[in-house]
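Peer 1: Following this message is one structure expressed as structure tokens.
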Amino acid sequence: MIQPHDSIIVKSLGRFLIPVIQIFGLYVLFFGQYGPGGGFVGGVILGTSIILAVLTFGHNASRSQIAKKLLHGDGVGMLIYAGVGGLCMIGGGEFLNYAHLEIPGLEVASRRSLGIVLTQIGVALDVAVTAISIVFSLSAEEIIEDSLNG
Amino acid sequence: MSRHFPALLFLIPLFAAISMPVVCLKHRGWSRPIALGALSAMVGVSILNLSNIIENGEIRYAFSGWASPIGIEWVADVLASLILVALSLLGLLALIFAGPTAPKDLGGRIVHFYTLILLLISSLTGIVFAGDLFNLFVFLEVAALASYALVGVSGGKALFAAFRYLILGTLGASLYLLGVSYFYAASGTLNMADIAERLPHLLTSKAVVGGLLFMFIGLGIKMALVPFHAWLPDAYSYAPESVSPILASLVTKVALLGWVRIIYWVIGAKVIMNEIPILLLVGVFGSLAAVIGAVLALTQTNLKRMFAYGGISHIGIILIGISQGNATGFVGGVFYLLNDAVMQAALFFLAGMAICHYGVRTVEDFGRVGRQAPWLTGSLVIISLGMIGLPPTGGFFGKWYIILGALEAKNYLAVGAILLSTLLTLAYFVKLFDRIFRDNSSSSDALNHEPPLQFKWCLGLTSAAIMLLGLFSDPIVSLLLTQALPPGL
């Protein structure tokens, strides 16, 4: 059980900080193509923002319900990753060879760029969900049990 | 299309595993059909892949189109493809067996149970195909993490065994990684073919010898070589009946295959025979393992523990074959590896059936039901013929080629070790049969109803495979001799 934090300072700061952290996470995720960053780091930052929300507002708050739903998403990120790789194979290239991502009207360079962004989104989703589920399973076992059985 | 087969073989179980938590969110019951479907597809593709590779030669699959020293590559040669056919077939059988024996109290976690089995199989595929040392480590770890969870899945005493396995397995993986980093420091690359090219100039470097020793100890823990075997009997005997066949038949053998790749394909046959005497070390450890494992098996009273120690002694016999440094011994070792995978699966199917259907755990109780259970005793006869190594079975031909190889290398100690371990294997099976045929007590109630169809299928098919591997040993051995030998042997 994670109780909501009773300090008004923590709650107000949380309300302000969580969206900022999420925007920063998205920035790191999409900036990964051009410089340091990428799916793993961006995913950790996005996951942290939701962990912060759960720690300040408790795991029964409406925001935390989103987090619980997200717990089922650990396969989705990997599916996006493997799906993009599979599309490349269907296009005639090797697994994850983005040049063969058959999208009409796109040059090879922009296909590669798009492919990297899509796989990084998959990685970010997976890392974020893993971070959240670690915190949940450390704090309260019954949350995961409920969400699996319910 | 056929050039994608090696990648597909890895992706089919992986894709099924990762889609399972999403697809089976509402319908828990779908997890088993999905897993069975994925593995059936894998069996088909692995057979197509083997025939394609025998015809057209090895495939080097470069992921994302990056060529080999920079990118990640999959090496699918005849050896890997042959092992993969066995791996996918045994995986499918183990999955069929897992149905009626899956732990009852899993609830919603049954989805995760099947996910873990599929992840284990896909990572074993990765170990077999990996073309660089670091990816070998990654898949070794994925396979190990899946096995820790599968061993401990039903809780209780199994958790303790799983924790011990976790500690020792992590130690092994760390030592292996340390060895890889030594190699990387010395050669500047991780790709196996690339290291093999650069290594002849680096043989004076102590980092190469040290790294090789670290890798040997690390993989030795993973394959349960005798001084490092302590985790295995507990892990396999406390593991749920549904997962011990897959663990016993595949995980240790695939780690051994990784070691074969490293000594013969990375270091090279010329070097290990002339410059670094690692084969001598492997041979001595193999002989020790073959004898000590069989002695320990003889002293066991629990059925599963006895079979687990039998597996440890067979790892030693395979290593003796590999370490002879000639083609006959090598082929014998690889052929025995295939046979041992089938025999271990059969033994643990048998133990699982004895436990789940007849409620029998010890050698003594086994004698009580043995006479009234024709499926159990009949397949035990065939499996024991294979384990001891009597002529119509594949076990005989494997041991035969290993002994021929050892004689060719004038390695009489190894021949003695194999013969001694054969005698000891005979001894512990005689102990089992003695219980069955001397016990005259009346039958219990469980004997009146037939065992489920899945049990019969699994036991029947693996027993038949033990015989068939013997009857068709000639084409397999000649295939290995002509197409699967490492360069320079």
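Peer 1: Counting only residues that are without any contact (Cβ under 8 Å) to a residue 24 or more places away in the chain and not in a helix (DSSP H, G or I), which one in the stretch B:272-304 is farthest from B:H229 (Cα to Cα)?
Peer 2: B:P277
Results for (1) under 23 Å from the mean Cα position of the chain (by Cα); (2) at pLDDT 95 or above; (3) within 24 Å of A:Y98 (Cβ to Cβ); (4) within 14 Å of chain A (Cβ to nearest Cβ), shown as yes or no for each residue.
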| position | (1), (2), (3), (4) |
| --- | --- |
| B:R3 | no, no, yes, yes |
| B:M20 | no, no, no, yes |
| B:V23 | no, no, no, yes |
| B:H27 | no, no, no, yes |
| B:P69 | no, no, yes, no |
| B:A76 | yes, no, yes, yes |
| B:A94 | yes, no, no, no |
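Peer 1: Right, something else. With over 30 Å from B:S88 (Cβ atoms) and surrounded by fewer than 24 Cβ atoms within 10 Å (Cβ to Cβ) as the only criterion, which of B:V208, B:V180, B:V153, B:V226 stands out?
Peer 2: After ruling out the rest, the residue left standing is B:V208.
Peer 1: All but one of (1) over 19 Å from the mean Cα position of the chain (by Cα); (2) within 21 Å of B:L118 (Cβ to Cβ) hold for B:R164; which doesn't?
Peer 2: Among (1) over 19 Å from the mean Cα position of the chain (by Cα); (2) within 21 Å of B:L118 (Cβ to Cβ), the lone unmet condition for B:R164 is (2).
Peer 1: Against the condition surrounded by 22 or more Cβ atoms within 10 Å (Cβ to Cβ), of a type outside the set (F, W, Y), more than 10 Å from every other protein chain (Cβ to nearest Cβ) and part of a helix (DSSP H, G or I), how does A:I121 come out, does it pass?
Peer 2: For A:I121, the condition - surrounded by 22 or more Cβ atoms within 10 Å (Cβ to Cβ), of a type outside the set (F, W, Y), more than 10 Å from every other protein chain (Cβ to nearest Cβ) and part of a helix (DSSP H, G or I) - is not met.
Peer 1: If you don't mind, there's one more thing I want to ask. If you go through the stretch A:59-67 one residue at a time, do you hit one that is within 11 Å of chain B (Cβ to nearest Cβ), within 30 Å of B:L25 (Cα to Cα) and in a helix (DSSP H, G or I)?
Peer 2: Within the stretch A:59-67 (the criterion being within 11 Å of chain B (Cβ to nearest Cβ), within 30 Å of B:L25 (Cα to Cα) and in a helix (DSSP H, G or I)), the answer is no, since none of the residues qualifies.
Peer 1: Between a first residue in the stretch B:187-209 that is acidic (D, E) and a second residue that is surrounded by fewer than 16 Cβ atoms within 10 Å (Cβ to Cβ), which pairs have beta carbons less than 6 Å apart while being 6 or more apart in sequence or on different chains?
Peer 2: B:D194/B:P69
Peer 1: Within the stretch B:293-312, restricting attention to residues that are surrounded by fewer than 20 Cβ atoms within 10 Å (Cβ to Cβ) and of a type outside the set (S, T, Y), which residue is nearest to B:V360 (Cα to Cα)?
Peer 2: Only one residue tops the list, namely B:N302.
Peer 1: Mind checking which helices (runs of 4 or more DSSP H) fall wholly inside the stretch B:373-489 and carry at least 2 residues that are over 30 Å from B:A76 (Cα atoms) and of a type in the set (S, T, Y)?
Peer 2: Once the helices (runs of 4 or more DSSP H) in the stretch B:373-489 are filtered for at least 2 residues that are over 30 Å from B:A76 (Cα atoms) and of a type in the set (S, T, Y), what remains is B:374-388, B:412-438.
Peer 1: Restricting attention to the stretch A:88-116, and to residues there that are over 26 Å from the mean Cα position of the chain (by Cα) and at positive phi, which single residue is nearest to the other protein chains (Cβ to nearest Cβ)?
Peer 2: Among those that are over 26 Å from the mean Cα position of the chain (by Cα) and at positive phi, it is A:G92.
Peer 1: Going by the structure shown, is B:L82 part of a helix (DSSP H, G or I), within 14 Å of chain A (Cβ to nearest Cβ) and modelled with pLDDT of 90 or more?
Peer 2: No, not satisfied.
Peer 1: Let me ask another. Every residue in the stretch A:77-87 that is at the interface with chain B (Cβ under 8 Å from one of its Cβ atoms) and either hydroxyl-bearing (S, T, Y) or crowded, with 19+ Cβ neighbours inside 10 Å (or both), please.
Peer 2: A:M78, A:L79, A:A82, A:G85
Peer 1: Something else now. Restricting attention to the stretch B:45-64, and to residues there that are not in a helix (DSSP H, G or I) and not aromatic (F, W, Y), which single residue is nearest to the other protein chains (Cβ to nearest Cβ)?
Peer 2: Filtering the stretch B:45-64 for residues that are not in a helix (DSSP H, G or I) and not aromatic (F, W, Y), the one nearest to the other protein chains (Cβ to nearest Cβ) comes out as B:A62.
Peer 1: Related question: Out of everything in the stretch B:1-41 that is of a type in the set (F, W, Y) and touching a residue at least 40 places away in the same chain (Cβ under 8 Å), what residue ends up being nearest to B:L106 (Cα to Cα)?
Peer 2: The extreme case among them is B:F10.
The values are calculated or read from the model by the stated rules, or taken from the named source; none is laboratory data. A quick note: this is a predicted structure, and the numbers were derived from the prediction, not measured. Please note: Cβ atoms are built from the backbone with ideal geometry, for glycine as well, and neighbour counts cover all protein chains shown.
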